[in-house]
Amino acid sequence: MRDVKVSDIISQMEYLAPTDLAEDWDPIGLSFGRLKQHVKRILVALDVDENTIQEAKRKKADLILTHHPAIFGSQKTLNQEDERRKHYIDLIKSDIAVYSAHTNLDAADGGMNDWLADSLGLKAADRKILSVSLKRGYKKLAVYVPDYASEKVRKALHHAGAGEVGNYTDVSYTLDGYGRFTPQEGAEPAEGEVGKAEKIHEERIEMMIKDTDVFNCLSALKEAHPYEEPVFDLYTLEHKYQSFGLGRSGDLETPLTAKKLAEKVNEQFDVDGVRYGTVDPNRVHKKIAVLGGSGEKFYKEALNKGATLYITGDISYHGAQDMLREGLDFIDGGHYMEAIAVPRLVDYLNQCKTENKWDIEIMKAEDQKDVFSYIK
């Protein structure tokens with residue numbers, strides 16, 4: 001078993017929920033603590049509130065991992081004349097780190113909104129993103145290599161991830177030609193002499209590279225290329241291979257009425273009560289949409305996807321009226337519906353613990369609860 005640092009946990013979390021998926025306004029990431037801080041115990045929670053902090057202290061947690069960030073608004077002071085600032089000071093004094101994955105976890109493939117969709121019984125085969133926020137695409141790399149080194153460079157690029165297109169790997173194209181150059185004072189050319197014009201038979205190798213692999217591929221290129229200064233072009237392509245975004249829509253495995261779906265939400269998501277509205281209580285819903293958190297403003301996207309019922313949190317009175325006017329039934333499961341992330345993240349971190357042989361304990365927060373209470 002090996003020791004674990006905060007940076008190790010962050011690396012695994014950002015593999016699950018890459019930071020570029022987060023909305024611009026969202027203060028995700030490490031809000032308290034240090035990257036090199038040693039971690040023995042992690043407490044996983046939905047929010048950083050008083051209950052969570054006290055539970056973390058009682059259980060001697062070194063890191064609190066949450067969905068909702070600890071600091072949303074800017075802080076002009078850090079005195080103790082405000083209850084929220086007292087929480088921040090308590091975290092600092094207790095030397096407890098805090099890391100949060102919020103809208104990046106919402107948008108991630110296999111993240112928050114897929115967990116919600118799975119729990120509701122949305123078929124995975126035809127499931128779609130409700131609101132696309134990011135599309136990942138390709139770059140095209142064209143590099144000029146002396147013919148004797150072309151195979152070495154090609155293999156190095158493929159090993160770094162270049163040339164992967166759909167279900168194909170090792171995809172490339174080659175053109176023959178001649179490279180011309182004159183090394184100047186201070187150069188250390190692999191071919192030719194300083195001050196003498198050279199003409200070298202070269203190959204132009206072209207490959208597609210995923211956006212996320214560009215850095216690794218260029219590093220591999222420079223390592224494998226015999227020239228001191230490799231010449232290459234890098235183009236952005238319109239072709240996209242993967243989309244990310246908020247919410248999910250799809251067909252239910254078992255179609256249900258709005259009331260039956262509301263009962264299912266109440267059971268599945270550890271909430272004490274839900275609100276719902278329906279145009280017709282007898283209508284059975286096959287295609288629905290779900291979005292964790294405050295998703296009222298995305299109801300038009302639900303309609304555009306053909307959904308007849310929309311599940312989200314924090315629906316306003318007038319927003320509910322608008323949905324019903326347009327024939328869209330709704331279920332407001334509340335923001336706390338996202339607490340489903342806690343056991344899922346505990347499972348994920350335990351998997352990482354096994355794979356990496358971490359000496360660590362991962363705990364689910366038990367003292368946190370919804371801020372709303374309901375009279376039954």
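The values are calculated or read from the model by the stated rules, or taken from the named source; none is laboratory data. Quick caveat, the model's predicted, so the values are computed rather than measured. Virtual Cβ from ideal backbone geometry, glycine too; neighbours counted across all protein chains shown. With ligands, DNA and RNA removed, areas are computed over all heavy atoms of the protein, side chains included. Shrake-Rupley method; radii C 1.70, N 1.55, O 1.52, S 1.80 Å.
Of all residues in region 222-235 being touching a strand residue (DSSP E or B) at 6+ places or on another chain (Cβ under 6 Å) and among the aliphatic types (A, V, I, L, M), which is modelled with the lowest pLDDT?
Result: 231.
Name the single residue that is farthest from the chain's Cα centre (by Cα) among those in region 340-363 being surrounded by 15 or more Cβ atoms within 10 Å (Cβ to Cβ) and of a type in the set (D, E, K, R).
Here the residue is 361.
Would it be correct to say that residue 106 is free of Cβ contacts under 8 Å to residues at least 24 places away in the same chain, surrounded by 15 or more Cβ atoms within 10 Å (Cβ to Cβ) and not in a loop (DSSP other than H, G, I, E, B)?
Against the criterion (free of Cβ contacts under 8 Å to residues at least 24 places away in the same chain, surrounded by 15 or more Cβ atoms within 10 Å (Cβ to Cβ) and not in a loop (DSSP other than H, G, I, E, B)), residue 106 does not qualify.
Pull out all pairs, ordered by first then second residue, where Cβ-Cβ is under 8 Å, the residues are six or more apart or on different chains, the first lies in region 344-356 and is touching a residue at least 60 places away in the same chain (Cβ under 8 Å), and the second is open to solvent by 50 Å² or more (accessible area, probe 1.4 Å).
Going by the 8 Å Cβ cut-off, the qualifying pairs are 346/364; 356/2.
For region 77-99, state whether one or more residues are open to solvent by less than 40 Å² (accessible area, probe 1.4 Å), on the phi < 0 side of the Ramachandran plot and touching a Pro at 6+ places or on another chain (Cβ under 7 Å).
Scanning region 77-99, I find no residue that is open to solvent by less than 40 Å² (accessible area, probe 1.4 Å), on the phi < 0 side of the Ramachandran plot and touching a Pro at 6+ places or on another chain (Cβ under 7 Å), so the answer is no.
Tell me, please, whether a residue that is in contact with a Lys or Arg (Cβ under 9 Å, 6 or more places away or on another chain), among the polar types (S, T, N, Q) and more than 30 Å from residue 234 (Cα to Cα) can be found in region 162-185.
No, that holds for no residue.
Only one of (1) modelled with pLDDT of 95 or more; (2) in contact with a helix residue (DSSP H, G or I) (Cβ under 8 Å, 6 or more places away or on another chain); (3) outside any helix (DSSP H, G or I) is not met by residue 71, so which one is it?
Among (1) modelled with pLDDT of 95 or more; (2) in contact with a helix residue (DSSP H, G or I) (Cβ under 8 Å, 6 or more places away or on another chain); (3) outside any helix (DSSP H, G or I), residue 71 violates only (1).
Within region 252-276, track down each residue that is open to solvent by 80 Å² or more (accessible area, probe 1.4 Å) and either modelled with pLDDT of 95 or more or in a strand (DSSP E or B) (or both).
Scanning region 252-276 gives 253, 254, 259, 260, 275, 276.
From 126, 147, which residue is open to solvent by 10 Å² or more (accessible area, probe 1.4 Å), touching a strand residue (DSSP E or B) at 6+ places or on another chain (Cβ under 6 Å), among the charged types (D, E, K, R) and closer than 30 Å to residue 289 by Cβ?
Answer to the check: 126.
Would you point out which residue out of 294, 249, 316 is of a type in the set (Gly, Ala, Ser) and crowded, with 19+ Cβ neighbours inside 10 Å?
Every option except 249 fails the conditions.
Does at least one position in region 216-226 carry a residue that is part of a loop (DSSP other than H, G, I, E, B) and not β-branched (Val, Ile, Thr)?
Scanning region 216-226, I find at least one residue that is part of a loop (DSSP other than H, G, I, E, B) and not β-branched (Val, Ile, Thr), so the answer is yes.
Please verify whether residue 40 is closer than 23 Å to residue 4 by Cα, open to solvent by 10 Å² or more (accessible area, probe 1.4 Å), free of Cβ contacts under 8 Å to residues at least 24 places away in the same chain and not small (Gly, Ala, Ser), treating the condition exactly as stated.
Criteria not met by residue 40.
Being surrounded by 21 or more Cβ atoms within 10 Å (Cβ to Cβ) and not in a loop (DSSP other than H, G, I, E, B): is that true of residue 303 here?
no
Of the residues that sit in region 150-164 and are in contact with a strand residue (DSSP E or B) (Cβ under 8 Å, 6 or more places away or on another chain) and in contact (Cβ under 8 Å) with a residue 60 or more places away in the chain, which one is nearest to residue 107 (Cα to Cα)?
Once the filter is applied, the top-ranked residue is 157.
Which residues, counting only those in region 191-215, are closer than 15 Å to residue 163 by Cβ, part of a strand (DSSP E or B) and aliphatic (A, V, I, L, M)?
205, 207, 208, 209
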